[in-house]
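Asker: So that we are looking at the same thing, I have put the structure below in structure tokens.
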Amino acid sequence: KVYGQKVIDNAQAMAEAFTDKGYKIISGGTDNHLMLIDMRSKGVTGKQTEESLVRADITVNKNMVPFDDKSPFITSGIRIGSAAITTRGLIENDCKEIVSWIDAAVQHADDDAFLIDLGKKVNEKMKQFPLFQW
């Protein structure tokens, strides 16, 4: 129960941070571990966003949004979940930092050097939160 609440708290912190940066969260927020973000207000597609974030070592999925005018291969949105980062031990303030990274990657989508440097920052931070603890 405690873990489940942390997952929701992290997702809600991310949704609020995205909203504060001008992103449109479908349904206005989240009550669970997922959020669907319409990227049209930022002038990019879901596919472009996903590809930029991959170069920065951040994983999201492109996803269709309601009344999407793009094909399922392109999409107008992205889907983000908080379970994996919560399992790694990240908390709400870390989630806000992740939103800042995502926003920076969206703003610098055509700048490979920026995205590579961002990926280094992401990986440095994530060293504190290993995927597996043996």
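The values are calculated or read from the model by the stated rules, or taken from the named source; none is laboratory data. Note that this is a predicted model, so its numbers are computed, not measured. Positions of Cβ are backbone-derived with ideal geometry, glycine not excepted, and every protein chain shown enters the neighbour counts. What goes into the accessible areas is simple: the full protein's heavy atoms, side chains included, and nothing from ligands, DNA or RNA. Shrake-Rupley method; radii C 1.70, N 1.55, O 1.52, S 1.80 Å.
Asker: Could you please find all residues in the range 24-35 being farther than 20 Å from Gly4 by Cβ and either in contact with a helix residue (DSSP H, G or I) (Cβ under 7 Å, 6 or more places away or on another chain) or free of Cβ contacts under 8 Å to residues at least 24 places away in the same chain (or both)?
Answerer: Lys24, Ile25, Gly28
Asker: Any residue in the range 63-79 that is on the phi > 0 side of the Ramachandran plot, open to solvent by less than 50 Å² (accessible area, probe 1.4 Å) and of a type outside the set (Ser, Thr, Tyr)?
Answerer: The initial filter retains those residues of the range 63-79 that are on the phi > 0 side of the Ramachandran plot, namely 67, 75.
Next, only the ones that are open to solvent by less than 50 Å² (accessible area, probe 1.4 Å) stay: 75.
With the extra rule that they be of a type outside the set (Ser, Thr, Tyr), the set shrinks to none.
No, every residue in the range 63-79 fails to be on the phi > 0 side of the Ramachandran plot, open to solvent by less than 50 Å² (accessible area, probe 1.4 Å) and of a type outside the set (Ser, Thr, Tyr).
Asker: Then there's this: Would you pick out the residues in the range 15-36 that are open to solvent by 80 Å² or more (accessible area, probe 1.4 Å) and closer than 20 Å to Ser71 by Cα?
Answerer: Correct list: Lys24 only.
Asker: Please pick out the residue among Lys6, Lys62, Lys42, Lys21 that is at pLDDT 95 or above and touching a Lys or Arg at 6+ places or on another chain (Cβ under 6 Å).
Answerer: On the way: Lys6 fails: touching a Lys or Arg at 6+ places or on another chain (Cβ under 6 Å); Lys42 fails: touching a Lys or Arg at 6+ places or on another chain (Cβ under 6 Å); Lys21 fails: touching a Lys or Arg at 6+ places or on another chain (Cβ under 6 Å).
After applying the criteria, what remains is Lys62.
Asker: Of the residues that make up the range 85-108, is at least one of a type outside the set (A, V, I, L, M), touching a strand residue (DSSP E or B) at 6+ places or on another chain (Cβ under 9 Å) and over 13 Å from Ala17 (Cβ atoms)?
Answerer: No, there is no match, as no residue in the range 85-108 is of a type outside the set (A, V, I, L, M), touching a strand residue (DSSP E or B) at 6+ places or on another chain (Cβ under 9 Å) and over 13 Å from Ala17 (Cβ atoms).
Asker: Kindly list the number of the only condition in (1) surrounded by fewer than 14 Cβ atoms within 10 Å (Cβ to Cβ); (2) touching a residue at least 40 places away in the same chain (Cβ under 8 Å); (3) more than 30 Å from Val2 (Cα to Cα) that fails for Ser100.
Answerer: The one condition Ser100 does not meet is (3).
Listed here are the residues, each with its yes/no results for (1) among the β-branched types (Val, Ile, Thr); (2) out of contact with any Ser or Thr (no Cβ under 6 Å at 6 or more places or on another chain).
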| position | (1), (2) |
| --- | --- |
| Ile91 | yes, yes |
| Ala105 | no, no |
| Val122 | yes, yes |
| Lys127 | no, yes |
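Asker: Residues in the range 37-49: is at least one of a type in the set (Lys, Arg), surrounded by fewer than 17 Cβ atoms within 10 Å (Cβ to Cβ) and in contact (Cβ under 8 Å) with a residue 40 or more places away in the chain?
Answerer: no
Asker: Filtering the range 110-134 down to residues that are among the aliphatic types (A, V, I, L, M) and out of contact with any Lys or Arg (no Cβ under 9 Å at 6 or more places or on another chain), which residue is surrounded by the fewest Cβ atoms within 10 Å (Cβ to Cβ)?
Answerer: For the range 110-134, the residue satisfying everything is Ala113.
Asker: List every residue pair whose Cβ atoms lie under 6 Å apart, where the two residues are 6 or more positions apart in sequence or sit on different chains, the first residue falls within the range 113-131 and is more than 11 Å from Trp101 (Cα to Cα), and the second residue, located anywhere, is in a helix (DSSP H, G or I) and among the basic types (Lys, Arg).
Answerer: Correct list of pairs: empty, since none qualify.
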